[in-house]
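The structure appears right after this line, and notes come after that.
Where a number appears in this text, it was derived from the coordinates with a stated rule and is not lab data. Just so it is clear, the structure is predicted and the values come from calculations on it, not from any experiment. Because the Cβ atoms are built from the backbone with ideal geometry, glycine has one as well, and the counts that use them run over all protein chains shown.
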Amino acid sequence: MFSFCTDPSILPNWQWFACYLTNATHLQFYRAFGVVLVLLAITAPVALGVGLMGALALRSQIWPINWLGKGYVNIVRGVPDIVFFLFVPIALGQGIEWVMHQINCPDWDQPIRQGNDFIVCREAKVPGANAPAWVRDIYAFAMAVVAFALVFGAFAANTLHGAMQAVPKAQIETAEAYGMTRRQAFRRVVLPQMWVFALPGLSNIWQILIKATPLLFLLGIQDIVYWARELGGQKTSLFAYPHPDWRMWYFLALLVFYLFLTWASERAFGALNTRLSRGQATAAGERMRKAAA
Amino acid sequence: MRSCAESFQGYILRALGRDYGERLLPRGLDITLCDQIFLIASGLIWNIYFAALAIAIGFGLAVGVAVAKFSENRLFSKPAGAFIFVFRGSPLFIQFFFFYSAFVLLPRSGVDIPLGFVTLTVDTSALTTAQVGGLIVLVLNTTAYSAELFHGALRSIPKGDLEAADAYGLSGFTKFRRVVFPSMLRLAWPSYTNEAIFLTHSTTLVFLSAFPARQQSGEAFYYARYFVDQTFNPFLAYPLVAGYFVCLTLAIIGMFGLMNIRLNRHLPSERRRRFRFRPQYIR
């Protein structure tokens, strides 16, 4: 990184740290923080979408859809989350390979589960047997996103369903009195108004999602926890930057990172709440109307 | 192949260590369904140990922290607020890593604390075990979460209750013990039940992170993961451990429900606040 970094062992303290903190592995460590933020940025909208569909299913008057929604929400909520995070990627991976196997190798005569092995034909391997490393990384990451979206989608479905119920009935009746159909009333009246009711719950789910991101480590992704363990561990003089066990300081940095993240999003949700309360038929909205008048 | 009775004998107490059953865990093709059922069940010993102790210790501490945060003296309320912020704002998973790597750095021989006339030697080697170190992290974590709940309850104690206490001439600790504390507990109890459930669920994280499972004695989810690694079949061990946790959850709801009835025994039954299971998930 810096020109003076060629021989770290003779450097004075501050230069040693400047070089140490900018070496190649540390740059990967910093990139891993980006991975966490990317995961949050992708998972949140996907989970919200899943949640919206779940909420619609909970509202549905067609009973198979309604039951499906109820089953999904209650199963995910009743089981410890961590079980789901580890179960979904491996179960989904095996499911995809099984389907590929049925399509690509119809005349395969051996059983797929042989003892403790899960064996599918070569063409059914996902990702392919000679796929480059980055494809494997993306695949693992996508699996993590699916697991997160499934779990948090169920939480969001519950919150959104509650928020839809909270929109005053009189508003919907008025819309219907104006001749709107059920669908129109939902799209024009319920959907825009429900967010202010959903916001406290969604903000809670978002905080929980932030605190769930270190579990990426368990899914075999090289995330910040992985790098903190790698970099913090004791380095002997064989390494360019020998140091004792510094894992505590690395995990302290992660703690501060997460504290900042939760603190900042609390602030952001507070601001959003004020914005969404404008013109709403709630106490907060009424207070803003009076203040402006 | 072992019979089911043999698996029961060999593994039902295996989580306590290798002296309490088979020395080695079943491996590879040798794994039977009964092995999975009983070994995972034996892991529940530690889930219950961590949850029961953390809730019992954390309860007392949480009441103290909540009262401190509610105090008008900033000398108390600021540190209590900061403590709650740190432990609620960061993932439990990272807290485990942080405290483990901090405990490892302590000298193995113990720490000497000079008290002037006598030197106290604190044994620190136990801190790196999950049974002590992991428990401490869980206690700190649940203290923060419960303190926030209790603080919210303290804020919403009806003004009339406090005025009535004043009218009766109660003050200081008597007022706290006879009016404030019971009211607070009554208001916070439904959400505190949720907290107890999630604490129990998060005991699955203890061995997942930094704390080592000595002699392969871990909690239920540790064994479920072990079986999935061995058999590469997630469709048996994970639903099993999920089922066990559903049972634990129901047991907690039952016990806390009884306590809820006792707390509200002066109210007519239709005015009692009912418990609603509202999962908060990952900590």
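Let me make sure I get this right: for region A:13-292, a, b and c are the square roots of the gyration tensor eigenvalues over alpha carbons, sorted descending. Under 1.5 in a/c it's rounded, otherwise prolate if a/b > b/c, else oblate. Which is it? Oblate, since a/c reaches 1.5 and b/c is not below a/b. Among the cysteines of chain B, those with no neighbouring cysteine Cβ under 4.7 Å are B:Cys247. Taking a point 7 Å from the Cα of A:Ala283 along the Cα-to-Cβ direction, none of the residues of region B:190-225 has its backbone N closer than 13 Å to it. Between the Cα long axis of helix A:247-277 and the first principal axis of chain A there is an angle of about 20°, rounded to the nearest 10. For the protein assembly as shown, the residue among A:Val225, B:Gly243, A:Gly54 whose Cα projects farthest onto the positive side of the dipole built from Cβ charges is A:Gly54. Given axes a ≥ b ≥ c from the Cα gyration tensor, I'd like to know whether the protein assembly as shown is rounded (a/c under 1.5), prolate (a/b larger than b/c) or oblate. It is rounded, given that a/c, with a ≥ b ≥ c, falls under 1.5. Pairwise inverse Cα distances across region B:1-123, averaged and inverted, put the Kirkwood hydrodynamic radius at 19.1 Å.
Ranking of A:Glu97, A:Glu123, B:Glu195 by neighbouring Cβ atoms within 10 Å, starting from the fewest: A:Glu123, A:Glu97, B:Glu195. Using the Cα gyration tensor of region A:1-150, with a ≥ b ≥ c the square roots of its eigenvalues, what is the shape: rounded (a/c below 1.5), prolate (a/b larger than b/c) or oblate (neither)? It comes out oblate by the Cα gyration axes. Compactness check for region B:4-271: Cα Rg over 2.2 N^0.38 Å is 1.21. Any chance you could check the Cα centroid distance between region A:126-142 and region B:43-89 for me, in angstrom? Each part reduced to its Cα centre gives a spacing of 44 Å. Within the same chain, aspartates and glutamates fewer than 8 places from B:Lys78 are excluded, and of the rest, those with a Cα less than 18 Å from its Cα are B:Glu148. Legend: mean number of C-beta atoms from other chains within 10 angstrom of residue C-beta atoms, peptide A:85-93, equals 4. Per-residue extension of 0.36 nm, minus the Cα-Cα distance of B:Ala251 and B:Ala126, leaves a gain of 41.9 nm for this segment. Provide the FRET efficiency to the nearest 0.05 for the A:Trp134-A:Leu27 pair, computing r from the beta carbons and using R0 = 30 Å. Taking R0 as 30 Å, the efficiency between A:Trp134 and A:Leu27 is 0.95. Put in order of Cβ neighbour count within 10 Å, fewest first, the listed residues B:Asp161, A:Asp107, A:Asp223 become A:Asp107, B:Asp161, A:Asp223.
Near A:Lys235, the amide H atoms lying under 5 Å from its own belong to A:His243; only residues 5 or more places off or on other chains count, and H is placed 1.01 Å from N.
Against chain B, whose longest principal axis is taken from its Cα atoms, helix B:33-70 shows a tilt of about 20°. Approximating the spin labels as points 7 Å out from Cα along Cα→Cβ, the B:Ala52-to-B:Glu6 distance works out to 3.2 nm.
Using the rule -39500 (n - 2.57) for each DSSP H run of four or more residues, divided by the residues of the protein assembly as shown, the 222 nm mean residue ellipticity is -22000 deg cm²/dmol.
Counting neighbouring Cβ atoms within 10 Å and putting the fewest first, the residues A:Lys211, A:Lys235, B:Lys159 line up as B:Lys159, A:Lys235, A:Lys211. I'd like the orientation of helix B:92-105 relative to chain B: the angle between its Cα long axis and the longest Cα principal axis, in ° from 0 to 90, rounded to 10. For B:92-105 against chain B, the angle is about 80 degrees. For a label point 7 angstrom out from the Cα of A:Met100 toward its Cβ, which stretches of region A:115-140 have the backbone nitrogen within less than 17 Å? Residues A:118-140 qualify, since their backbone N sits under 17 Å from the label point. Label separation (B:Phe117 vs A:Ile65): 7.9 nm, computed from points 7 Å beyond Cα along the C-beta direction.
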